[in-house]
Amino acid sequence: MPLRLADLPRRRYGSPGNAACPGCPETMGLRYVKMALGDNVVLVIPAGCSSVIQGIRPKSGINFPILNIVFASAASAASGMSSAFEMLGQDVKVVVWAGDGGTADIGFQALSGAAERNDDIIYICVDNEAYMNTGIQRSGLTPYGAWTTTTWTGKTEPKKPLPFIVLAHNVPYVATATVGYPQDFIEKLRKAATIRGFKYIHLHAPCPVGWRFDPSLTAKIAQLAVQTGAFILFEYENGRFRLSPYSGMYRDPKRRVPLEEYLKLQGRFQTVLKDPQKLEMLRAEIDEMWRWALLLEKGMASPELKK
Amino acid sequence: MVLKALTANHAVAEAAKLARVKVVSAYPITPQTTIVEKLAEMIEKGEMEAKMVRVESEHSALAATLGAAAAGARAFTATSSHGLLYMHEVLWWTSGARVPVVMAVVTRAIGPPWNIHVEHSDVMDQRDTGWIIGVAQENQEAFDLTLQAFRISEDPRVYLPMIVSLDAFILSHTVAPVDVPSQQEVDAWLPSRRQPYVISPETNVVMGNIADDADYYMMRYSINAAMEAAKKVVEEVDEEYGKAFGRRYGGLVECYNCDDADYIMVLMGSWAGDAKKASDLLREKGYRVGVMRVRFVRPWPREVVQEKLSNRKGVIVFDRSISFGSAGQLFTDVAASLYGSTSIRGVVAGLGGVDVRPEDFMNEVTDFVSHVEEFGRVYEPLRWHLPPKYAKSLAEEVSA
Ligand SMILES: Cc1ncc(C[n+]2csc(CCOP(=O)(O)OP(=O)(O)O)c2C)c(N)n1
Ligand code: SF4
Ligand SMILES: [Mg+2]
């Protein structure tokens, strides 16, 4: 049954005056997490913008119980918590909320370990495509060509296909989502909460500060990422891969909104827009993601791997 | 109680089981490995009611242990050497979070070059992290200290994590008789878990978000205050453990042949047995020599050290580790506590597992005694007790 906005809780889960920048995708995402999962949740947050967004103790700007933890080991800390709750006979959802750096780079080993062990946690990677908390440095998930403070002329490598890498661990549930389509994200979270074992949700999170766009445009840019095909929404559940409805219609590149519409709103892609060769490289990165997605959709990935 | 023939590693695993640890997370490294293996075996056989998180690294091992403990479960981990260094960041996070956790550290040398033998550099590298650090001399003590660690760490006056340190191979892989109490006896002695807070939907606690600088400062202050309070707790626990199980160790330090001693050797770990032997032999030769075995590196037993060492003719500290460019770490702490009130010498010996026998201790002590007698006050922070083959070639070089 499709999710109706009217059915969602109306409580405010982020307090006014938390430390996020205007238009922050992470506070949007956190709100949706709580709307989706309710109160029976504990968050594990490694270093990143969300450690700061909470604000200064003894208060907290977001309404969750939280274990803040070192940058590299959020997945492991969550595995420990989830094991403890199991031993104590408590049914609590342990959710990691980690940035792209905390997931794809420094926390990758812990992520891979928890996925391989199929630990009973929900891991959300909030992907704003750079290390924002330390001032917009490139990460393994920064796309090709994007400006950051450590790639002044644009990143020279493509984005790591992280959701596919996690999928290759053959965990029960992998999904991508975006702050641009909250219902889709909420539905995926709710589904994840019903599954035992390792669940991974990759949340695309356009950041006005790091991507250089007007803070009023976060949701629009997030939607454009999907409409231009730059970010693909999908679900992988028990070995079955499915494009989500918002992305399904963009299988055919001709139906996609031109990529430039997405890029031109962002300061970080200005050199890409001026250089046709760089633009081609970025397109190639996106095409590669689509190639993977369509292969998986056709069941070309070995289904016998399925647990 | 039952006498069992156990390696110290198996004794530690047995103690973790008897403490009713609920979550174990650890990663293999020699010489710690047989602790994880034993725990995994006990859990899989259903002898121990716990979950094992078989992590991919030590950084994760301590993070998982901390996560479990923060959620309210008694949790345990163990490591050595490179594994401990790899964890270092999480050690700070755990003590800062004030989450009681117990970890066994099987002390081992640090590469390069690779060396798996006993040395204290790994555990000494953690002195500043806010963990209580207790050091065993024998298998029985490794067992007893592990049980005591839960009591100390979970005491509301303390609420700090604790390391139980035991020496590579000499203890970890050597079988000795260990008196193992029954589950009922342990249950009667060890209270159920206490901790300052639990993170759960029910409590809605947030741990670790940003603090105002002054608040941060005061949290550091309170960790130190808890360390100071732990001194008393250690003594109490030693006494209560003695009442329940018949073994006392003397609390923060153990003194051997100290009462009338002119000279005292200070050291920690398994080689204290050889030092005690040396003290006996030296007494036969007319030297009044005692041994102070440091059982707790943190909190540093400053008061006892002052009380027991100040009015001696000399103190000789043996370190199985070194802070490069300074001296042995025990020496530094002892010297700071004595502030020049007696002659003192620091000897670095036994690095990388180089054997140090009672004769070596005797030679060092007699050399020190003759120095003190010849020169009066001696302050010598770093003397190298070289391995025999190098000591010999150095002697030849000097005489040539
Ligand atoms: C071990 C360690 N190295 C570096 C840092 C500094 N640091 C804190 S947050 C951060 C970047 C976070 O980036 P990401 O995970 O993408 O989260 P975001 O801030 O973008 O939400 C870095 C490098 C740290 N806290 N710990
Ligand atoms: S830098 Fe971006 S992700 Fe970080 S708080 Fe600001 S808007 Fe949010
Ligand atoms: Mg980021």
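The values are calculated or read from the model by the stated rules, or taken from the named source; none is laboratory data. Because the structure is a prediction, the values reported are computed rather than measured. Because the Cβ atoms are built from the backbone with ideal geometry, glycine has one as well, and the counts that use them run over all protein chains shown. These accessible areas exclude ligands, DNA and RNA; they are computed on the full protein's heavy atoms, side chains included. Shrake-Rupley method; radii C 1.70, N 1.55, O 1.52, S 1.80 Å.
What the table shows:
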read-out: Candidates per chymotrypsin sites (Phe, Trp or Tyr not before Pro) in segment B:180-229, loop by DSSP, up to 16 other Cβ within 10 Å; value: B:197
read-out: Burial of 20 Å² or greater, segment A:78-108 residues [accessible area, probe 1.4 Å, versus chain by itself]; value: A:80, A:81, A:83, A:84, A:85, A:86, A:87, A:88
read-out: Share of carbon and sulfur in the accessible heavy-atom surface of the protein assembly as shown [1.4 Å probe, %]; value: 55
read-out: Phi to ³J(HN,Hα) by Karplus 6.51 cos²θ - 1.76 cosθ + 1.60 over segment B:173-178, Hz, x for Gly, Pro; value: 10, 10, 7, 8, x, 10
read-out: Spherically averaged projected area in nm², based on the convex hull that wraps the Cα atoms of segment B:253-399; value: 8.8
read-out: Volume in Å³ per residue [convex hull over Cα atoms, computed for the protein assembly as shown]; value: 185
read-out: Distant-in-sequence amide H partners of residue B:120 (H built 1.01 Å from N, under 5 Å); value: B:320, B:321
read-out: Label-reachable residues, segment A:242-270, where backbone N falls under 17 Å from a point 7 Å from residue A:287's Cα toward its Cβ; value: A:251-260
read-out: Partners for residue A:59 among lysines (Cα-Cα distance below 19 Å; same-chain residues under 8 apart left out); value: A:34
read-out: FRET efficiency estimate (nearest 0.05) - Cβ-Cβ, residue B:218 to residue B:277, R0 60 angstrom; value: 0.80
read-out: Antiparallel bridges, percent of DSSP beta bridges restricted to segment B:253-399 (to nearest 5); value: 15
read-out: Three-way shape call for segment B:300-355 based on the alpha-carbon gyration tensor, with the a/c threshold at 1.5; value: prolate
read-out: Label-point separation, residue A:238 to residue B:339 (7 Å along Cα→Cβ), nm; value: 7.2
read-out: Rounded D (µm²/s) - segment A:14-87, Kirkwood Rh over Cα pairs, Stokes-Einstein at 4 °C, 1.567 mPa s; value: 99
read-out: Largest-first ellipsoid semi-axes for segment A:1-133, taking √(5λ) over the Cα gyration tensor eigenvalues, angstrom; value: 22, 19, 15
read-out: Average beta-carbon neighbours from other chains, 10 Å sphere, peptide B:196-203; value: 5
read-out: Segment A:153-307, relative contact order [Cα under 8 Å, separation at least 6], %; value: 24
read-out: Per-residue [θ]222 nm for chain A (sum of -39500 (n - 2.57) over DSSP H runs n ≥ 4, rounded to 500); value: -10000 deg cm²/dmol
read-out: Shielding by other protein chains, B:24-31, mean Cβ within 10 Å; value: 1
read-out: Fraction of alpha-carbon pairs over 31 Å apart in segment A:23-297 - percent; value: 20
read-out: Out-of-range pairs (alpha-carbon distance over 24 Å; input B:22/B:232; A:254/A:298; A:159/A:264; B:276/B:313; A:93/B:22); value: B:22/B:232
read-out: Mean projection area, nm², convex hull over Cα of segment B:3-245; value: 13.0
read-out: Considering only the protein assembly as shown, percent of DSSP beta bridges that pair antiparallel, nearest 5; value: 25
read-out: Residue among B:205, B:36, B:253 with the largest mean-square fluctuation in a Gaussian network model of chain B, springs linking Cα atoms under 10 Å; value: B:205
read-out: Relative contact order %, chain A, counting alpha carbon pairs below 8 Å whose residues are six or more apart; value: 16
read-out: Computed [θ] at 222 nm, helices only, for chain B once each DSSP H run of length n ≥ 4 contributes -39500 (n - 2.57); value: -14000 deg cm²/dmol
read-out: Residue-span extension gain [residue B:255 to residue B:236] - 0.36 nm each, minus C-alpha spacing; value: 5.1 nm
read-out: Distant alpha-carbon pairs in segment B:1-67 (separation over 15 angstrom), percent; value: 52
read-out: Under 5 Å, built H, 5+ apart or other chain: amide partners of residue B:298; value: B:133
read-out: Quotient of Cα Rg and 2.2 N^0.38 Å for segment A:179-233, N being how many residues it contains; value: 1.29
read-out: Amide H within-cut-off set for residue B:180, under 5 Å, with H built and near neighbours excluded; value: B:2, B:3, B:4
read-out: Loop-located trypsin sites (Lys or Arg not before Pro) in segment B:327-387, at most 16 other Cβ atoms within 10 Å (DSSP); value: B:377
read-out: Cysteines without a disulfide-compatible partner [the protein assembly as shown; Cβ-Cβ under 4.7 Å]; value: A:21, A:24, A:49, A:125, A:207
read-out: Aspartates and glutamates with Cα under 12 Å of residue B:277, excluding same-chain neighbours fewer than 8 positions away; value: B:359, B:360
read-out: Residues of segment B:117-226: accessible area per residue with a 1.4 Å probe, Å²; value: 38
